[in-house]
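To keep things clear, I will list the structure first and then write my remarks on it.
Each value in this text was obtained by applying a stated rule to the coordinates, not by laboratory testing. As the structure is a prediction and not an experimental result, all values here were calculated from the model. Cβ sites come from the backbone with ideal geometry, for glycine too, and all protein chains shown count toward neighbours.
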DNA sequence: AGGGTTCAGTTGCTTCACGCAACTTGCTAT
DNA sequence: ATAGCAAGTTGCGTGAAGCAACTGAACCCT
């Protein structure tokens with residue numbers, strides 16, 4: 001997606017995609033979850049054009065998903081770190097990864113697991129008590 | 001994102017975004033969850049250019065996310081319905097919606113709830129027993 | 001002092017995707 | 001006969017993405 005708005009779309013999905021829906025943006029965020037922080041790291045890892053990377057990082061900072069932090073002076077060098085807002089994209093990325101694991105990747109190259117005991121972690125729909133909810137038992141209602 | 005591949009990205013997120021990462025694609029899927037099925041419905045609801053809509057629908061069918069179903073003969077007319085693969089994008093859309101609700105939309109216009117009792121439904125990271133997992137307690141490991 | 005390297009971009013140019021509006025096809029209704 | 005509807009298709013202009021070379025500020029080596 002481009003950075004145009006999805007005008008008239010009064011939906012949080014559209015609002016979210018205005019911020020992270022452009023080409024490369026979610027992959028940059030995923031790279032950040034994998035520990036990458038620097039321009040060169042993102043560029044080499046993704047093979048993205050440098051001008052486009054510069055553009056995306058600027059927008060991500062502008063939108064509060066990354067912060068630009070100086071990590072050395074003389075010469076001034078900056079790196080990019082996820083903010084709490086950016087870190088909260090983990091769920092959306094995990095959901096996309098899970099779908100990709102199920103339907104696209106024959107053998108998923110990475111997995112989420114709990115550090116403490118190594119058990120696999122997945123994304124699920126739950127009620128306020130944490131009880132899983134059947135997909136068929138869900139409705140999407142206007143407020 | 002465009003329909004090019006994210007070559008060299010051996011990640012399910014990249015694989016998933018190759019199928020649903022183009023501009024408009026996820027909004028079309030979201031529209032389908034809201035009950036829309038026909039070309040004209042999508043077009044009017046989204047305000048998307050007709051050639052682009054035609055292109056996206058064709059790719060979504062090609063990728064098994066929608067199926068093209070004839071709903072009348074003379075003249076032949078087709079509509080688009082989510083397949084199980086497409087319906088499984090619900091989680092990713094819900095996660096994006098939740099993030100948008102939290103950080104972008106002041107007052108979310110729509111909510112997910114359980115049909116049977118009307119309780120709100122949210123997306124969460126859980127272990128195999130359905131127990132919630134702390135975000136800080138998660139690691140992303142290569143297989 | 002001069003030449004090479006690193007990092008974070010910027011610039012210029014080309015190619016490709018998107019937006020827009022008009023047109024087409026096959027059929028029905030008046 | 002003409003108008004209308006639904007699902008596209010076509011042609012053309014604009015804007016975003018890809019590519020590679022360049023910049024600037026500092027460091028390192030001989």
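Let me have the relative contact order for chain B, percent, based on Cα pairs under 8 Å that are six or more residues apart.
Averaging sequence separation for qualifying contacts and normalising by length gives 13 percent for chain B.
For B:25-32, what's the mean count of beta carbons from other chains sitting within 10 Å of each residue's beta carbon?
4
How big is D for segment A:50-105, in µm² s⁻¹ as a whole number, if Stokes-Einstein is applied with the Kirkwood radius of its Cα pairs at 25 °C and 0.890 mPa s?
Translational diffusion coefficient: 187 µm²/s.
What spacing in nm lies between the two simple spin-label points modelled at residue B:74 and residue B:131, each 7 Å away from Cα in the Cβ direction?
6.5 nm
Select the chain B residue whose beta carbon lies nearest to the rotation axis carrying chain B onto chain A, and write the distance in whole Å.
Nearest residue, distance rounded to whole Å: B:95, 2.
Have a look at B:54, B:16, B:92 and tell me which one the Gaussian network model of chain B (Cα, springs below 10 Å) gives the largest fluctuation.
B:16
In whole Å, what is the distance between the alpha-carbon centres of segment A:121-143 and segment B:99-143?
Centre-to-centre (Cα) distance: 8 Å.
Could you check the simple spin-label distance between residue B:81 and residue A:41, using points 7 Å along Cα→Cβ, in nm with one decimal?
Reported label-point gap for residue B:81 and residue A:41 is 4.8 nm.
With the label 7 angstrom out along Cα to Cβ, how close does residue A:45 come to the same site in each of the other copies, in nm, nearest first?
3.5
Can you tell me which of A:31, A:101, A:127 moves the most in a GNM of chain A? Springs connect C-alpha atoms under 10 Å apart.
Highest fluctuation among the options: A:127.
Give me the mean projected area, in nm² to one decimal, of the convex hull enclosing the Cα positions of chain A.
With the hull built on Cα positions only, its mean projection is 12.0 nm².
Quick check on the protein assembly as shown: helices-only [θ] at 222 nm, where DSSP H runs of length 4 and up contribute -39,500 (n - 2.57) each and the sum goes over total residues. Nearest 500, please.
Here the helix-only value at 222 nm equals -11500 deg cm²/dmol.
Using a 10 Å cut-off on Cβ to Cβ distances, tally the other chain neighbours for every residue of B:79-90 and report the average as a whole number. Each step should come with its number before you reach the end.
On the way: counts 0, 0, 0, 0, 1, 1, 4, 1, 2, 6, 4, 6.
The mean count of partner-chain Cβ atoms within 10 Å per residue comes to 2.
Report, to the nearest 10°, how far helix A:90-103 tilts away from the longest principal axis of the Cα atoms in chain A, using its own Cα long axis and a range of 0 to 90°.
The answer is roughly 70 degrees.
Pick from A:83, A:107, A:131 the residue whose mean-square fluctuation is largest in a GNM of chain A, springs joining Cα atoms under 10 Å.
Maximum fluctuation in the GNM of chain A, among the listed residues, is at A:131.
Using only the alpha-carbon atoms, how far is helix A:50-62 inclined from the longest principal axis of chain A? Give it as 0 to 90 degrees, nearest 10.
60 degrees
Can you sort A:60, B:82, A:96 from fewest to most other Cβ atoms within 10 Å of each residue's own Cβ?
Fewest to most other Cβ atoms nearby, the residues stand as B:82, A:60, A:96.
So, R0 is 22 Å and r is the distance between the beta-carbons of residue B:51 and residue A:62; what FRET efficiency does that work out to, to 0.05?
0.10
What spacing in nm lies between the two simple spin-label points modelled at residue B:107 and residue B:143, each 7 Å away from Cα in the Cβ direction?
For residue B:107 paired with residue B:143, the spin-label model returns 4.6 nm.
Based on C-alpha coordinates, I'd like the Rg and Dmax of the protein assembly as shown, in Å.
19.2, 73
Inside 10 Å of the C-beta atoms of A:43-49, what's the mean count of C-beta atoms belonging to other chains?
For peptide A:43-49, the averaged partner shielding equals 2.
Copy-to-copy spacing for residue B:77, label 7 Å out on the Cα-to-C-beta vector, in nm, shortest first?
6.3
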